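A short worksheet on the structure shown next.
Please treat every number below as a calculation from the coordinates, not as lab data. Small disclaimer: the values here were computed from a predicted structure and weren't measured. Every residue, glycine as well, gets a Cβ built from its backbone with ideal geometry; the counts of neighbours run over all protein chains shown.
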Amino acid sequence: MIENGQAGMGRELGRGTKVFDAAPVRGRWKAMETADDVLELMDSSAEGVIALVRDAGATFLAPIYHELAGVVCMGGTPRSHIGIVSREFQVPCIMAASFAGAEPTDGDEVELDCSGEYGVLRGTTVMDDDARRTWVNERIAYIAPIARGLTEERTSLESKIIPVSAYIVTACIESFLRYPEMMRIIDAAMPAETIGAASRRPGSRVNTVYLWSVVNFWLIGRKVWSMVDQADADNLDNAHTVIDFWERATKGFRGDGTRHAADNAIAAPYRGDVRAQLMATITPVDDPALRAQIRSFNATLVAYLFLLYFDTRVGHGDTGPYELSGGRTLLVRDFYAMGESDFAWSSVARDVPYRNLTAALVLDGVTVDRVTDFGTSYTTPEDFLEHLVGFGLYTTDDMPFGQMRPVPLEEMASIVAAVRKAQSAHYRNIAAMSRDEKIRCGAYVYFSFLRPFALEAGVADQLDWTVPRDIPPPLYDMVSVMEGDNAGPIDDGPYYSPL
């Protein structure tokens with residue numbers, strides 16, 4: 001099997017009907033024509049093989065199905081026998097495949113991508129340095145204008161009590177220096193595309209803003225580091241590692257072939273089973289008093305999480321839109337890590353009764369114009385809560401993977417009380433901190449955006465999340481006195497420079 005990060009996607013070789021949504025997988029091609037081909041793999045190994053079969057029967061591949069990386073079938077439908085078995089084994093499979101030209105040759109390295117509308121088979125090539133540099137620069141050129149646009153929309157690069165700019169730059173320098181090796185460790189434990197696909201669920205902080213951030217923090221750090229060591233800033237291996245990890249993770253998460261919300265103005269990762277859970281216990285909102293209580297509940301949690309995350313918006317985020325019958329729309333708002341967590345200061349939240357909450361917002365008469373990678377919804381009219389007609393509240397705390405349980409709306413008042421108590425204590429603690437302490441706390445929030453990926457892969461405890469750690473002391477001394485002016489980027493040059 002191709003090592004992750006060493007192959008680049010080539011041209012499309014063929015496509016078919018995917019059996020189920022699955023992140024891209026890579027492997028070696030093998031046309032299975034007779035039972036002798038199956039016996040050969042039984043005696044060696046079918047690990048990492050993407051198998052071609054001509055018909056849709058289930059018995060032909062039975063002894064090796066559990067080892068296969070993927071299956072391409074020339075006939076049948078997702079409900080054919082081989083489709084049923086592939087779904088049970090969770091082996092990515094496309095049916096009724098057709099090829100753009102000649103079929104691949106046995107032993108060719110290929111990629112099977114079932115994350116979009118169709119299942120797509122692509123050729124892969126091991127790239128030389130020139131090809132890798134071109135590949136990296138194409139993606140930097142793609143990311144840069146999206147990053148510029150979102151940065152220009154960001155309205156706060158400083159606050160009265162938190163040195164936001166200083167901690168952002170500190171964290172981004174640390175990300176530039178340390179993320180490549182950390183990503184290699186994470187990717188070796190669980191491929192980035194698998195992490196992304198597994199995170200299409202409420203409660204997971206591998207979400208749109210974290211995905212956006214893990215590549216952009218490295219790129220921002222590179223901008224700064226290029227003034228220190230241009231050669232190191234242009235390290236091809238590190239650039240390829242970070243951008244390839246991000247691209248596979250974000251495609252696995254989004255599942256529609258896109259990489260950013262900017263590509264199609266939506267961020268809607270939750271599939272039908274999740275949406276069904278969210279709609280199962282919706283309470284109609286036809287009482288102005290209930291609507292006002294929900295509005296206050298939402299505002300309180302948003303303000304609290306901004307402070308808990310040191311003036312960063314990532315404690316909550318929207319996904320959607322999800323279209324419902326009757327012209328209604330579902331927006332989903334997740335509230336993350338509200339209680340005690342890996343944040344050293346989160347003991348103030350010991351009495352907050354939930355770690356994660358998910359709100360289902362059913363809207364009528366609202367157009368969702370776009371949902372950004374920052375988890376921000378732009379709607380017409382802007383005050384969409386005035387058009388809330390249904391509401392559900394859920395938690396993933398202590399639930400099996402991918403499951404939620406309803407939170408009674410009667411608990412909203414007690415949740416608000418606990419949150420306000422934690423917010424008050426946290427504010428007092430921040431006010432008493434030195435500037436250096438504030439920078440270190442904020443830098444941890446940003447630098448640890450990679451931590452949810454490591455948690456999914458089971459290696460978070462193997463990695464050092466101390467920050468600052470590697471930034472040279474003289475550079476930290478310079479960065480730590482920075483003050484933001486709350487202005488977006490003003491230069492006319494490229495937001496991120498190519499290698």
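Can you pull out the helices (runs of 4 or more DSSP H) entirely within region 393-499 that have at least 3 residues that are of a type in the set (S, T, N, Q) and more than 26 Å from the chain's Cα centre (by Cα)?
Filter on region 393-499 gives 412-432.
Working carefully through the options Val332, Val314, find the one that is of a type in the set (A, V, I, L, M), part of a strand (DSSP E or B) and touching a helix residue (DSSP H, G or I) at 6+ places or on another chain (Cβ under 7 Å).
Answer to the selection: Val332.
If only one of Ile439, Ile430, Ile471 is touching a Pro at 6+ places or on another chain (Cβ under 6 Å) and surrounded by 12 or more Cβ atoms within 10 Å (Cβ to Cβ), which one is it?
Criteria check complete, one pass: Ile439.
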